[in-house]
Amino acid sequence: MTYLRLEGKVALVTGASRGIGRAIASAYAQEGANLICTARSEDKLNETVETIRELGGSAFAVKADITAAKEVQKLFEFTAERFGGLDILVVNAGMSSGYQSVESGDPEVWRQTIETNLFGAYSCIKEAIPLLKARGAGKIITLGSGLGHNGRPGGSAYACSKAALWMLTQVVAQELTEHNISVNELVPGPVETGMLSDEFRKNVVEKEHEWLKTPEEVCELALFLATQPDNGPSAQSFSLMRRAR
Ligand SMILES: NC(=O)c1ccc[n+]([C@@H]2O[C@H](COP(=O)([O-])OP(=O)(O)OC[C@H]3O[C@@H](n4cnc5c(N)ncnc54)[C@H](OP(=O)(O)O)[C@@H]3O)[C@@H](O)[C@H]2O)c1
């Protein structure tokens, strides 16, 4: 008999229409979880769900923009109605702000980056908490970045959004300890997705000998975090990077 690590669990992955989110959603489904996959691009989201179903997994697509509070509310209402609760939330949806110095950068890009990477994450976590409590235990995994710990010239918006997300991770972890809900950050390091710019590849991956990985190579750590005991690690950052950050 095959033992599935997430049998019977309900997991919601934001940004599941491509990249790391799609890979984590598929990996969780292959381990027996029921998936709610969300993002803005309906076609790409449906592709994720079809692939999961073809492999025998269970998945639903719910289109939502995480910067729109009403859409986030509806997403979690669907989850509550369909499953009565939630076991795992992966706060993965995010955007890059590209390379712009503070002096010459576009303030609108700054605002949009914070709106997506921080406020969008906050809205999803806020709506998920009652559903995680309803199951008596749970996991929240936020997708962080080395830039959120150390910054980098030209990356102020992204770095600030991820630094604040890391702080949010630690604060929510402390608020939820007594409810058996663990909240941890996963820092994937450079991953071969549409988000990785040529500039980052040249300046960081090649010069600093970073591990450039596939989205699938992030999944084992995402599974590790989703399968820790109820009283396991919380308020921690887990990184797949090769250098001290
Ligand atoms: N790739 C890397 O090297 C790397 C390194 C460190 C951390 N990360 C983090 O890992 C996470 C995933 O990144 P990725 O590389 O997989 O990027 P990606 O391929 O660009 O995917 C981003 C995902 O976020 C979704 N998304 C963006 N804005 C959204 C919004 N307003 N509402 C709902 N969904 C939204 C996108 O879907 P739609 O466009 O369909 O909405 C997409 O599914 C991000 O948080 C990123 O910061 C990535």
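The values are calculated or read from the model by the stated rules, or taken from the named source; none is laboratory data. Only a predicted model underlies this, so the values are computations on that prediction, with no experimental measurement involved. When we count neighbours, we look across all protein chains shown, and the Cβ atoms used for this are built from the backbone with ideal geometry, even at glycine.
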Listing of strands (runs of 3 or more DSSP E) fully contained in the stretch 21-101 that carry 2 or more residues being crowded, with 16+ Cβ neighbours inside 10 Å and in contact (Cβ under 8 Å) with a residue 40 or more places away in the chain: 34-39, 88-91
Conditions: (1) within 14 Å of the ligand (Cβ to nearest atom); (2) buried (at least 21 other Cβ atoms within 10 Å of the Cβ). LEU131 meets all but one. Number of the miss? (1)
Does at least one position in the stretch 69-78 carry a residue that is in contact with a Ser or Thr (Cβ under 9 Å, 6 or more places away or on another chain), of a type outside the set (A, V, I, L, M, F, W, C) and more than 15 Å from the ligand (Cβ to nearest atom)? no
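Conditions tested, residue by residue: (1) more than 16 Å from the ligand (Cβ to nearest atom); (2) of a type in the set (S, T, N, Q); (3) buried (at least 22 other Cβ atoms within 10 Å of the Cβ); (4) assigned to a loop (DSSP other than H, G, I, E, B).
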{"position": "LYS139", "(1), (2), (3), (4)": "yes, no, yes, no"}
{"position": "GLY148", "(1), (2), (3), (4)": "no, no, yes, no"}
{"position": "TYR158", "(1), (2), (3), (4)": "no, no, yes, no"}
{"position": "GLU178", "(1), (2), (3), (4)": "yes, no, no, no"}
Subset of the stretch 24-60 (residues that are out of contact with any Ser or Thr (no Cβ under 8 Å at 6 or more places or on another chain), within 15 Å of the ligand (Cβ to nearest atom) and small (Gly, Ala, Ser)): ALA27
In the stretch 5-20, residue surrounded by the fewest Cβ atoms within 10 Å (Cβ to Cβ) [restricted to those that are near the ligand (Cβ under 8 Å from one of its atoms) and farther than 11 Å from VAL90 by Cβ]: ARG18
What do you reckon, is VAL183 aliphatic (A, V, I, L, M), touching a residue at least 24 places away in the same chain (Cβ under 8 Å), touching a Pro at 6+ places or on another chain (Cβ under 8 Å) and more than 23 Å from TYR3 (Cβ to Cβ)? no
Identify the single condition in (1) surrounded by fewer than 16 Cβ atoms within 10 Å (Cβ to Cβ); (2) over 22 Å from LEU165 (Cα atoms); (3) modelled with pLDDT under 95 that VAL205 does not satisfy, given that it satisfies every other one. (1)
Inside the stretch 202-223, can you point out the residues that are over 20 Å from HIS149 (Cβ atoms) and either assigned to a helix (DSSP H, G or I) or near the ligand (Cβ under 10 Å from one of its atoms) (or both)? LYS202, GLU206, PRO215, GLU216, GLU217, CYS219, GLU220, LEU223
Is it true that PHE76 is farther than 30 Å from MET241 by Cβ and touching a strand residue (DSSP E or B) at 6+ places or on another chain (Cβ under 7 Å)? no
If you check GLY120 against the conditions, is it modelled with pLDDT under 95 and not in a strand (DSSP E or B)? no
Answer from LEU186, LEU196 - the residue that is near the ligand (Cβ under 9 Å from one of its atoms) and in a strand (DSSP E or B): LEU186
